[in-house]
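Reviewing the structure listed below.
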Amino acid sequence: MSMIEKIKNKARANVKTIVLPEGDEPRTVKAAEDIVKEGLATPILLGNPEKIAEVAKKQGADISGIKIIDPAASEKAAEYTKVLFELRKAKGVAEEDAKKLVADPMYYGIMMVKCGDADGLVSGAVHTTGDMLRPALQIIKTKPGMKVVSSSFLMDCPNKSLGEDGLLVYADCVVMPCPTAEELAHIAVSAAETARVLCGVQEPRVALLSFSTKGSAKHELVTKVQEAVKIAHELAPDLLLDGEMQFDAALVPEIGASKAPGSKVAGRANVLVFPDLQAGNIGYKITQRIGGAECFAVLQGLAKPCNDLSRGCSVEDIVNTVAMTAVQATC
Ligand code: ACO
């Protein structure tokens with residue numbers, strides 16, 4: 001069974017409510033129908049009900065029974081405005097500003113999650129990553145004990161000898177352009193949790209990547225990764241985590257054994273932590289385009305799950321992301 005099918009089965013076992021702020025976007029409307037058909041979650045579409053009905057008709061999607069909320073006419077808007085104002089007034093948000101923000105489906109959806117009226121949110125078929133991330137960061141905030149929000153890409157590789165039966169978890173490929181050593185350590189711990197919770201990996205083996213393996217090169221960028229390894233050990237002493245190491249030393253048993261002898265991670269890593277966003281973002285695209293891996297992205301470290309889509313996403317991508325969000329919401 002593929003990794004995404006396993007995730008879908010987990011979502012079906014504990015059905016969660018997931019809000020879709022881009023409720024009148026054609027792929028999202030079609031995805032809502034499929035999510036219900038597959039029993040993956042209870043979707044809520046945000047937007048004008050007449051417009052959504054029109055889109056559904058054009059798409060040939062049966063959305064009868066799917067809850068639609070129009071933020072502009074919602075009874076909850078006043079409550080959400082009050083909560084948002086209290087949360088953001090110290091940052092200069094006036095009550096009038098909060099009211100306007102709540103009328104925006106993206107903020108309305110985030111407030112639903114914040115106030116417990118939805119278990120998670122999926123958006124990004126229309127909005128950019130920043131548009132979706134900023135309100136999530138400002139309002140949902142990080143989990144207790146977690147310093148940063150970041151992302152993991154679940155890479156389902158055709159070569160099943162890699163990682164965990166072909167699964168590699170890559171972090172961070174979306175959020176933090178230049179993490180500090182401490183932030184990198186938190187990204188590593190978060191990625192291990194994603195591997196465990198979402199993918200059922202019982203023993204995450206985390207490699208912090210660099211162009212150096214165990215001091216083979218000396219540079220301030222290498223020192224940063226070495227510091228991150230130390231901090232991550234303090235944050236999660238029981239986690240199998242090692243570095244700094246090169247990509248091949250992390251994945252290939254013979255190279256791991258020769259470059260990092262005695263390491264419990266080298267040569268058998270299943271979670272790979274990139275030193276910055278340039279490396280992570282390029283790395284996952286190489287694995288996808290040249291390595292032929294299927295990839296699935298999730299945000300990690302948020303107090304409640306919100307996930308971003310690519311604007312080029314398919315209906316299937318939305319369905320898969322909703323399933324992953326629903327599973328994250330169970331923890
Ligand atoms: N974790 C936790 N909180 C954060 C983080 C983070 N990683 N980043 C910012 N914040 C908080 C800030 O502390 C701030 O909180 P506050 O307002 O309560 O003080 C709030 O979020 C907003 O912070 P800003 O600094 O105003 O936000 P910024 O403009 O830096 O935007 C963003 C943050 C959107 C994550 C930015 O770092 C970014 O654009 N990252 C890259 C996204 C991207 O384009 N990725 C690549 C494309 S995606 C793909 O290829 C799949």
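Odds and ends about this structure:
- 5 angstrom amide H check on Thr142, placed H, neighbours 5+ away: Ala303
- Folded to 0 to 90 degrees: helix 181-199 orientation relative to the chain principal axis, Cα: 70
- Expected 222 nm ellipticity per residue - DSSP helices of 4 or more, -39500 (n - 2.57), all of the chain, to 500: -13500 deg cm²/dmol
- 3J(HN,Hα) couplings calculated from phi for region 260-275 with the Karplus curve 6.51 cos²θ - 1.76 cosθ + 1.60 (θ = phi - 60°) are, in sequence order, 9, x, x, 6, 7, 10, 3, x, 9, 5, 10, 10, 10, 10, 7, x Hz; Gly and Pro show x.
- Among the GluC sites (Glu not before Pro) in region 231-331, none sits in a DSSP loop with a Cβ that has at most 13 other Cβ atoms within 10 Å.
- Environment charge of Ala323, counting only residues whose C-beta is closer than 9 Å and scoring Lys/Arg +1, Asp/Glu -1: +2
- Our coupling estimate for region 320-330, obtained by passing each phi through the Karplus curve with A = 6.51, B = -1.76, C = 1.60 and θ = phi - 60°, is 4, 5, 5, 4, 5, 5, 4, 5, 4, 6, 7 Hz, Gly and Pro reported as x.
- Build a GNM of the chain with springs between Cα atoms under 10 Å apart, and of Ser64, Ser190, Ser310 the one that fluctuates most is Ser64.
- Nearest 10 degrees, 0 to 90: helix 3-13 Cα axis against the chain principal axis: 50
- The heavy atoms of Ser314 present about 50 square angstrom of accessible area, all protein chains included, probe 1.4 Å.
- Restriction of the trypsin sites (Lys or Arg not before Pro) in region 209-292 to DSSP coil positions whose beta-carbon has at most 16 other beta-carbons within 10 angstrom yields Lys218, Lys264.
- Nonlocal amide H pairs with Ala118, under 5 Å, H built at 1.01 Å: Val113
- Per residue, the accessible area of the chain comes to 44 Å², computed with a 1.4 Å probe over protein heavy atoms only.
- Whole-Hz ³J(HN,Hα) from phi, Karplus 6.51 cos²θ - 1.76 cosθ + 1.60, for region 222-230, glycine and proline x: 5, 4, 4, 5, 4, 5, 4, 4, 4
- Nonpolar atom fraction for region 264-314, defined as the carbon and sulfur part of the 1.4 Å probe accessible area, stands at 52 percent.
- Rounded, prolate or oblate (a/c below 1.5 giving rounded, otherwise prolate when a/b exceeds b/c) for region 231-331 by Cα gyration tensor: oblate
- Highest-MSF residue in the chain out of Val19, Val271, Val29 [GNM, Cα springs under 10 Å]: Val29
- For the pair region 311-331 and region 40-59, the centres of their Cα atoms are 17 angstrom apart.
- Looking at the chain alone, DSSP beta bridges between its own residues are antiparallel in about 40 percent of cases.
The values are calculated or read from the model by the stated rules, or taken from the named source; none is laboratory data. Note that the coordinates shown come from a computational prediction; the quantities given were computed from them, not determined experimentally. Virtual Cβ from ideal backbone geometry, glycine too; neighbours counted across all protein chains shown. Calculation scope for accessible area: heavy atoms of the full protein, side chains included, ligands and nucleic acids excluded. Shrake-Rupley method; radii C 1.70, N 1.55, O 1.52, S 1.80 Å.
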